[in-house]
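*Asks:* First the structure, which I've put down as C-alpha cells, then a few questions once you've had a look.
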Amino acid sequence: MNKYIITTIIFLTILISLKFFEARFIGDLFGIKLPVIFITILVGISLIYFFSCKGKFVLPVQLLTISLLFSIVSAYIVWGQSIMDSLMRTMPLAVVPFFFLLSRFNVKINVLETVILIFGYLYFTLNIFQLLNPSTAYFGYALVSETGGYVESRGVTRVIFPGAGIFWLACFISVNKVLKKNENKYLYLPLVILGLVVPVLQATRQLIAFSVALYTFHFSVHLSLIKKVILSFLLIIVAVYIVSLDLLVFEGLHEKSVETSSEGIKYIRLITGEYYLTEFSDTMFTIFFGNGVPSGKSMYGAVTAKLIDKGIFLEDVGIIGLYSQFGILSVIAWVLIWYKSFTVKLPKEYSYCKYYLWSILFTSLTSGSIYNIHFAISTALVLFIFNQVELDKKNQFKRVLKFLLKRKLEGELKRNKFLVSQSYIIDPS
C-alpha cells in the first residue's frame, strides 16, 4: 500500500480514537458516534490478522483484545447492559488490535515517529489554547465545573488535557533522539522541555516525579560517576530553588500531599481499591471476564454513578479498575508486557518504548492510563514498534546467518572443485 495512504490512515486513526481531543464543540456525531463506528470497523479488519502475526508482544495483545471484546458480552450477562450500550462505551478503548493491522502492512517505524511528533506538538498547542481560555472548556470533560469552565485545584486552574498518551510518547521519542548525531535538535528539544513543563502546569505529582527521574536516568546513564554526582547536585539545587519561589502550584501540591498523608487508612483510593478488588467482582465469572464498561443508561451505570457520588472512581485505582472491567486476562496481559519491557533488549534509539511502558507502570495504581482512551492508541503504537524492532533484529540475525552459511557453502564448493581438478591432473584416467 502507498506510504501516503498508510500515513493518512494512521493519522486519522489517532485523531478519531482520541475523539478529536474530546472537542466539545463538534457534536455527538463526530465526538461519539463516528469514533465508535470507525474503531469498530478498524478492529474488525485488524482481527483478520489476529493469528498471523509473530513476535514477543503478540500474545499480550491477543489477551488484551479478548478481554476487551468479551467484556461487552460480560456486561450483558452480569448486568443486563445492552450490547449496543456496551459497544458505545467499550469500542473507544478497544483500539489496541490496530497492532495487528500495523504488523500486517509492516508499517515503517520512522513514519509512525513522524506522525506521533506532529500530534505531540498539536497536543501542546491546543493545551496552551485551553489554558489561556479556562472559563470555557473547549476540550475534555475532567475537572470541568457545572458552568462549563475548568475548576481551580492545587493552586492552579488544572487542565488535564485529553490525549496525554500520544503527547508523552512524543516527549519520550524526543528525549531519546535529542542528543543523537545527525538528528534535528531543534525539532526535539522543545518537546523535551515540555515534558517537564506540562506536569507542573497540570499539578500532577506522579508525572512530575516520573519525568524528573526518567530525565535524570536517561541523560546520566552513560556519564562517569563524578559527572553523575555533579548532575544530581545541580538538580537538587534547582529543585530547592524552584520550591523556594512559593509558586501557587507547588503550594497546592504540598497541601494535597499533607491532606493525603493525614487521611491515612481512610484515603479514598485505598477504600476504592479494596472495594473493587474484594467486593465488586465477587463471582468466578467476573473475576475471569470482568464486569464490562458501565453505561449510564443501564443498572450497572446507575450503580457506578452512585459510587462516584461517594467519591469512588474506577480510574483512581488503575490496574484494579482494569481488572474490575476486563477481568484477570487483561491483568496477565499487562504483567507480560511489563516483564518483556525489562527483559527484551532494544537498540538505544528505541528506548522510548520502554520509557512509555514504564510510565504506565509507574501510574498503574492511581490512574486510568492503563486502559482509558487517552492512552489506548499510543499503547497500540508502542507495542507494535517494540514488537517490530525485536522482529527486525531477529530477521537481521537470520539474514547474516544465511549469508555466512551461503559463503561457507560456496567456499566448500570451490574447494571441492579444486580437489577434483587436482585429482584429474594427477590421475587423468
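The values are calculated or read from the model by the stated rules, or taken from the named source; none is laboratory data. None of these values were measured; they are calculated from a predicted model. Here Cβ is always computed from backbone atoms with ideal geometry, including for glycine, and neighbour counts include all displayed protein chains.
*Asks:* Looking at 170, 213, 239 in this structure, which one is loosely packed, with under 14 Cβ neighbours inside 10 Å, in a helix (DSSP H, G or I) and at pLDDT 75 or above?
*Replies:* 213
*Asks:* Just checking, which of 300, 323 is over 23 Å from residue 170 (Cα atoms), at pLDDT 90 or above, over 23 Å from the mean Cα position of the chain (by Cα) and of a type in the set (Phe, Trp, Tyr)?
*Replies:* Among 300, 323, only 300 is over 23 Å from residue 170 (Cα atoms), at pLDDT 90 or above, over 23 Å from the mean Cα position of the chain (by Cα) and of a type in the set (Phe, Trp, Tyr).
*Asks:* Based on what the data block shows, is residue 90 surrounded by 19 or more Cβ atoms within 10 Å (Cβ to Cβ), touching a Leu at 6+ places or on another chain (Cβ under 9 Å) and over 30 Å from residue 130 (Cα atoms)?
*Replies:* no
*Asks:* Is region 366-374 home to any residue that is crowded, with 23+ Cβ neighbours inside 10 Å and modelled with pLDDT of 95 or more?
*Replies:* Checking region 366-374: not a single residue is crowded, with 23+ Cβ neighbours inside 10 Å and modelled with pLDDT of 95 or more.
*Asks:* Quick test for you: out of 9, 37, 48, pick the one residue that is more than 18 Å from residue 380 (Cα to Cα) and either in contact with a Ser or Thr (Cβ under 8 Å, 6 or more places away or on another chain) or of a type in the set (A, V, I, L, M) (or both).
*Replies:* Every option except 37 fails the conditions.
*Asks:* Could you go through region 141-157 and let me know if any residue there is surrounded by fewer than 14 Cβ atoms within 10 Å (Cβ to Cβ) and at pLDDT 85 or above.
*Replies:* Yes, region 141-157 has at least one match.
*Asks:* While we're here: If you check residue 193 against the conditions, is it in a helix (DSSP H, G or I), out of contact with any strand residue (DSSP E or B) (no Cβ under 6 Å at 6 or more places or on another chain), at pLDDT below 80 and on the phi < 0 side of the Ramachandran plot?
*Replies:* Here the answer is no, as residue 193 does not meet what is asked.
*Asks:* Out of 297, 348, 340, I need the residue that is of a type in the set (D, E, K, R) and surrounded by 19 or more Cβ atoms within 10 Å (Cβ to Cβ). Which one?
*Replies:* 340
*Asks:* For the structure I just gave you, tell me whether residue 290 is at positive phi and either of a type outside the set (Gly, Ala, Ser) or more than 25 Å from the chain's Cα centre (by Cα) (or both).
*Replies:* Here the answer is no, as residue 290 does not meet what is asked.
*Asks:* Name the residues in region 278-302 that are assigned to a helix (DSSP H, G or I) and touching a residue at least 60 places away in the same chain (Cβ under 8 Å), would you?
*Replies:* Within region 278-302, 285, 286, 289, 299, 300, 301 qualify.
*Asks:* So for region 43-57 (the condition being crowded, with 18+ Cβ neighbours inside 10 Å and touching a Gly at 6+ places or on another chain (Cβ under 6 Å)), does at least one residue qualify?
*Replies:* No, the conditions are met nowhere in region 43-57.
*Asks:* Within region 173-201, take every residue that is within 25 Å of residue 142 (Cβ to Cβ), crowded, with 17+ Cβ neighbours inside 10 Å and among the β-branched types (Val, Ile, Thr) and give me the one that is nearest to the chain's Cα centre (by Cα).
*Replies:* Taking the candidates together, the pick is 198.
*Asks:* What are the pairs, 6+ residues apart or on separate chains, where a residue within region 204-227 that is of a type in the set (Lys, Arg) has its Cβ under 9 Å from a residue that is part of a helix (DSSP H, G or I)?
*Replies:* Correct list of pairs: 205/199; 205/253; 205/256; 205/257; 227/220.
*Asks:* A further question follows. Mind listing whichever residues of region 33-62 are more than 13 Å from residue 100 (Cα to Cα) and hydrophobic (A, V, I, L, M, F, W, C)?
*Replies:* Listed by number, the residues that qualify are 34, 36, 37, 38, 39, 41.
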